[in-house]
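This report refers to the structure that appears directly beneath it.
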Amino acid sequence: MSAEGRLERARSLYDRAVFDGEAGVLEVADRELDAVEAGLALARGRIMHARFFEDGNEDPREPALFERAVELYRTLGDLRGEGESLFWVGIFHQVVRGDHETAVPIFERSHELAARAGDKLTMSYALRHLGTAEHAAGRLETARERLEESARLRRELGFLPGVAANMVGLIYIAAAEGRRDDALALAEEAAALAEATGAMNIARQIEEARTRV
């Protein structure tokens, strides 16, 4: 149900409680509003995270919003929402704080919940950032496996800009493993995907990776 639909239902439940004297409907209204609040918290936190890429400044409200979304989705029993929100908690620690140690178990839990909910997109994101942590720790083979599995899920979903983004990491890994020809081949394929999907930021990352091979 859309946020607008949930708000309308909450208004209707108010009328039923106040005018008709129906018992128990306010608890249902609370759940509808919790779902709206959870979605809004997650969306607002993501916008704040995007601003981090623009100015490099941490917004202290960002983790609180993601954690609130986790709390609400958990209370609602929404595994998909909880898994996605947990992923963003992990992103804050890994990307904004540079804290892989804190982020990794959060990503693992996010992946577990997403798998149970059948949410392949969140699974792909969690695997991508688990791969990033493995790469940072120098465990190249495991990093490659995580990124390749993430890319497989993204191809399955038709999320081609995400595939190209994963290939940036795979280029660096191939180069670090001494597989220069593989790295250059990955760069060619990734550049074609990025161009075809209009992912210009990813295209720039690919070109930078190519120059370092």
(message) Among the residues in the range 26-46, are any on the phi < 0 side of the Ramachandran plot, part of a loop (DSSP other than H, G, I, E, B) and either acidic (Asp, Glu) or touching a residue at least 40 places away in the same chain (Cβ under 8 Å) (or both)?
(response) no
(message) Can you tell me which of (1) in contact (Cβ under 8 Å) with a residue 40 or more places away in the chain; (2) open to solvent by less than 60 Å² (accessible area, probe 1.4 Å) is the one Tyr172 doesn't meet?
(response) (2)
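Going through the range 141-165 one residue at a time, which ones are without any contact (Cβ under 8 Å) to a residue 40 or more places away in the chain and either in contact with a Ser or Thr (Cβ under 6 Å, 6 or more places away or on another chain) or crowded, with 23+ Cβ neighbours inside 10 Å (or both)?
Just the residues of the range 141-165 that are without any contact (Cβ under 8 Å) to a residue 40 or more places away in the chain, to begin with: 141-160, 162-163.
Correct list: Ala143, Arg146, Leu147, Ser150, Ala151, Leu153, Arg154, Leu160, Gly162, Val163.
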(request) Give just the number: which of (1) open to solvent by less than 40 Å² (accessible area, probe 1.4 Å); (2) charged (D, E, K, R); (3) over 28 Å from Glu112 (Cα atoms) does Glu32 not satisfy? (result) (3)
(request) Show the residue pairs that are 6+ apart or on different chains and have beta-carbon atoms under 8 Å apart, the first residue being within the range 82-94 and under 16 Å from Gly131 (Cα atoms), the second being open to solvent by 10 Å² or more (accessible area, probe 1.4 Å) and of a type in the set (Lys, Arg). (result) Trp88/Arg46
(request) State all residues of the range 56-79 that are surrounded by fewer than 22 Cβ atoms within 10 Å (Cβ to Cβ) and under 14 Å from Arg31 (Cβ atoms); if no residue qualifies, say none. (result) Glu71, Arg74, Thr75, Leu76, Gly77, Asp78
(message) Against the definition (surrounded by 15 or more Cβ atoms within 10 Å (Cβ to Cβ), of a type in the set (Gly, Ala, Ser), at pLDDT 95 or above and over 13 Å from the mean Cα position of the chain (by Cα)), how does Ala185 come out, yes or no?
(response) no
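The values are calculated or read from the model by the stated rules, or taken from the named source; none is laboratory data. Here the structure is a predicted model, which means the values were calculated and not measured. Cβ atoms come from the backbone with ideal geometry, glycine included; neighbour counts cover every protein chain shown. To get the accessible areas, we keep the full protein, side chains included, count just its heavy atoms, and leave off ligands, DNA and RNA. Shrake-Rupley method; radii C 1.70, N 1.55, O 1.52, S 1.80 Å.
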